[in-house]
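A.B. asks: Can you keep this structure in mind? I'll have questions shortly.
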Amino acid sequence: MSVAETIAGEARRESPLWEAALEDAPDWEAVFSPLAPEVFALGLETIYEAYLVHYGKPRLFRSVEPSERILLGDYLYAHGLVRVAQAGGVEAVAAMAELISRCATLRAAGSPGDGDAWVAAARVLGGDAGSNAVAEALALHSARFPA
């Protein structure tokens, strides 16, 4: 089962509200997980989908009411952190918690740099991607935040 299918399947089983929010034709492409070890792919992309639900253009979910968007994003953050904990323990969760906090702070201040924070987090998880992979991830990320 793919990362996208797993995230969608878990959401579908978790709540009829999340099931109703799933896109009929998802616009899925892994963004930052290719920069990290594969063992973190599910957790990292779940956390990234949560970030997109809160601030950008999600890949798997359609736009929902603002209060539901907050709950859905938080649900996804929690599931992603569980997956990251299973894959890498406390240190990996701490890296993701720092990432979530840093990105929320950047968004609140209207400051740039959230893409760089995601790249740095992938490196903390043990990723060692080359400049082409980083540039591709940052381009995909930018496309999720239309001006």
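The values are calculated or read from the model by the stated rules, or taken from the named source; none is laboratory data. From a predicted model like this one, the values you see are computed outputs, not experimental measurements. In this analysis, Cβ positions are derived from the backbone assuming ideal geometry, glycine residues included, and neighbour counts consider all displayed protein chains.
A.B. asks: Being of a type in the set (D, E) and either assigned to a helix (DSSP H, G or I) or touching a strand residue (DSSP E or B) at 6+ places or on another chain (Cβ under 9 Å) (or both) is the filter here, so list the residues in the stretch 22-69 that pass it.
C.D. replies: Passing the criteria: E23, E38, E45, E49, E68.
A.B. asks: Now for a different question. Mind checking which pairs have a first residue in the stretch 105-121 that is touching a residue at least 60 places away in the same chain (Cβ under 8 Å) and a second that is among the hydrophobic types (A, V, I, L, M, F, W, C) and outside any helix (DSSP H, G or I), Cβ under 6 Å, 6 or more apart or different chains?
C.D. replies: W118/F32
A.B. asks: Considering only residues of the stretch 11-40 that are among the aliphatic types (A, V, I, L, M) and over 19 Å from Y75 (Cβ atoms), which is modelled with the lowest pLDDT?
C.D. replies: Checking each candidate, the answer is A25.
Okay, residues lined up against (1) in contact (Cβ under 8 Å) with a residue 60 or more places away in the chain; (2) exposed (fewer than 14 other Cβ atoms within 10 Å of the Cβ); (3) among the aliphatic types (A, V, I, L, M); (4) within 23 Å of A121 (Cβ to Cβ):
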{"residue": "G43", "(1), (2), (3), (4)": "no, no, no, yes"}
{"residue": "S67", "(1), (2), (3), (4)": "no, yes, no, no"}
{"residue": "L81", "(1), (2), (3), (4)": "no, no, yes, yes"}
{"residue": "V90", "(1), (2), (3), (4)": "no, yes, yes, yes"}
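A.B. asks: Considering R102, R83, which residue is among the charged types (D, E, K, R) and farther than 11 Å from I47 by Cα?
C.D. replies: The unique qualifying residue is R102.
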